[in-house]
Structures are given as C-alpha cells and as structure tokens.
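S.K.: Have a look at this one.
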Ligand SMILES: [Zn+2]
C-alpha cells in the first residue's frame with residue numbers, strides 16, 4: 001500500500017472523529033501521520049536474522065554478556081498506542097558472539113511493529129537462541145503502556161515487566177538471578 005492511501009485512511013479517521021480535515025492545522029496531518037506510522041512500523045521490512053548474521057564473531061568467551069537499559073518504543077497491537085521502556089538482553093555464548101550494537105538493532109526491529117510486550121520479549125530471546133546457539137539467553141522488558149495510562153485503566157503508573165529465559169538462564173537459578181539483579185539495578189523507577 002502506498003503512503004498516499006494510508007494518508008487517505010487517516011483523513012477518514014479525522015472526519016469520523018468529528019474533525020474538519022480541511023482546516024489549516026489538519027491539512028497536512030494525514031501525510032504526516034502516514035509517514036510517522038511507516039517509520040514506527042518499519043520493523044516489518046527488516047529481517048532480524050540478517051541483522052545478527054552480519055556481525056557474528058567466533059570467540060572463546062563463556063561469561064554472561066549483558067546489554068541493559070536499552071530504550072525501546074513500540075506500539076501495542078490492541079490500541080495502536082505506544083508502550084515504551086527499557087530492554088535488558090543477556091546471553092552466555094558457547095562459541096559465537098554478536099556485535100553489541102546489533103543487539104540494540106535487534107530490539108529495534110521487533111519494537112517497530114505492532115506488538116504485545118510478551119511476544120516481543122519472546123521473539124528477541126528466540127532469535128538469539130536460534131542464531132547464536134548460546135548456553136542461554138535472558139530478555140527482560142519493562143514498559144509503560146499508554147493504552148493503560150491514557151484510557152484511565154487502573155494501576156496507571158504500573159510498569160509491566162516481562163521476561164523470557166532460555167537454556168541455562170532457565171535451568172540455572174543462579175544464572176537467572178545474576179541477570180535479574182543486573183537488569184533491575186538502577187533501571188526501575
Ligand atoms: Zn493496548
């Protein structure tokens with residue numbers, strides 16, 4: 001679908017909510033919203049595997065690698081309203097490591113789609129498990145959901161925490177604990 005037809009839909013939404021889509025302030029809004037939506041959902045056009053595959057290194061390192069406090073911004077698929085917060089990603093390699101910046105890219109690829117936080121958490125963990133074949137992977141996401149806050153749902157200030165633990169992060173209590181305490185440190189508000 002072209003950006004133009006998306007703009008046409010946005011114009012329809014403006015009219016439907018009772019706006020005058022032709023008034024000065026709104027004339028360019030459909031185009032802007034269309035562009036903005038394309039940007040916020042550009043993850044659909046990006047292949048997570050190729051993000052990682054481009055930066056794999058063989059390395060004899062078997063300690064935990066943690067990338068914490070990564071900002072992410074996503075859209076909930078139920079209301080198309082933002083949810084955003086911090087991602088913490090960790091793994092223990094067997095023989096392959098990936099460039100740190102690619103972990104950030106990977107989170108971005110999954111965030112820039114319509115999402116539910118639980119699925120996004122699992123997707124990040126699963127792709128790392130599959131491509132890196134590490135001893136284990138842990139992913140924790142902490143996020144605020146504007147669909148809760150703006151719509152007056154109870155517990156407005158709550159932060160939703162989701163986690164996926166695979167391999168040694170699932171089977172070894174101490175590994176999981178080490179990661180969880182690293183992730184929680186200083187990032188919870
Ligand atoms: Zn929602």
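S.K.: Within region 146-153, does at least one residue satisfy the condition of being in contact with a helix residue (DSSP H, G or I) (Cβ under 6 Å, 6 or more places away or on another chain) and either in a loop (DSSP other than H, G, I, E, B) or surrounded by fewer than 22 Cβ atoms within 10 Å (Cβ to Cβ) (or both)?
M.R.: No: zero hits.
S.K.: In addition: Condition first: under 17 Å from residue 175 (Cβ atoms) and not in a helix (DSSP H, G or I). Can you find one or more residues in region 109-131 that meet it?
M.R.: no
S.K.: Please find, within region 49-83, the residue that is farthest from residue 177 (Cα to Cα) out of those that are out of contact with any strand residue (DSSP E or B) (no Cβ under 8 Å at 6 or more places or on another chain) and surrounded by 14 or more Cβ atoms within 10 Å (Cβ to Cβ).
M.R.: Only one residue fits best here, namely 79.
S.K.: So which residues in region 106-145 are more than 22 Å from residue 167 (Cα to Cα), crowded, with 18+ Cβ neighbours inside 10 Å and more than 9 Å from the chain's Cα centre (by Cα), if there are any at all?
M.R.: Correct list: 143, 145.
The numbers here are math on the coordinates, done by the rules we state, and not lab data. Since this is a predicted model, take the numbers as computed values, not measurements. Reconstructed Cβ throughout: ideal geometry from the backbone, glycine too, with neighbour counts over all protein chains shown.
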